[in-house]
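J.: This structure is in structure tokens; I'll ask about it shortly.
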Amino acid sequence: MGTSRHHHASPPVTVLDPNEPRVAGASEALMNTVQAASYLNLAPSTLEKDRCLGRLQTPYLKLGSKRVAYDRRDLDEWKQARKRCSTSERAA
């Protein structure tokens with residue numbers, strides 16, 4: 001019999017569980033990919049792609065080898081930096 005090949009898919013990125021206990025302080029502002037995407041009105045896949053390609057330069061935290069989080073304060077600053085008054089306006 002021939003050998004079987006097993007294709008191992010990359011494990012999904014582990015995100016913070018919104019139900020896990022939080023330490024008071026900075027961690028209260030942390031969101032997982034789905035939460036951050038909803039907060040920014042983007043698809044989760046957009047944030048996943050951006051972590052690889054960096055086109056939007058959405059700030060995120062890498063916690064360990066596979067854990068990713070988004071700090072609400074960073075996302076607020078990121079959104080504020082993208083405000084424009086016209087389509088011809090360039091970033092400062």
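We did not get these values from a lab; they are worked out from the coordinates using the rules stated. Fair warning: this is a prediction, and the values are worked out from it, not measured in the lab. Because the Cβ atoms are built from the backbone with ideal geometry, glycine has one as well, and the counts that use them run over all protein chains shown.
J.: Determine the sum of side-chain charges near Pro59: Lys and Arg each +1, Asp and Glu each -1, restricted to other residues whose C-beta is under 13 angstrom from that of Pro59. Please report the intermediate quantities before stating the final value.
T.: Details: positive: Arg51, Lys62, Arg72, Arg73, Lys79, Arg82; negative: Asp50, Asp71, Asp74, Asp76, Glu77.
Charge balance near Pro59 sits at +1.
J.: Under a straight-distance cross-link criterion of Cα-Cα below 16 Å, which lysines are reachable from Lys83, leaving out those fewer than 8 residues away in the same chain?
T.: none
J.: Non-local amide H neighbours of Leu30 (under 5 Å, H modeled in plane, Pro and chain starts lacking H): which ones?
T.: Sorted by chain and number, the residues that satisfy this are Arg72.
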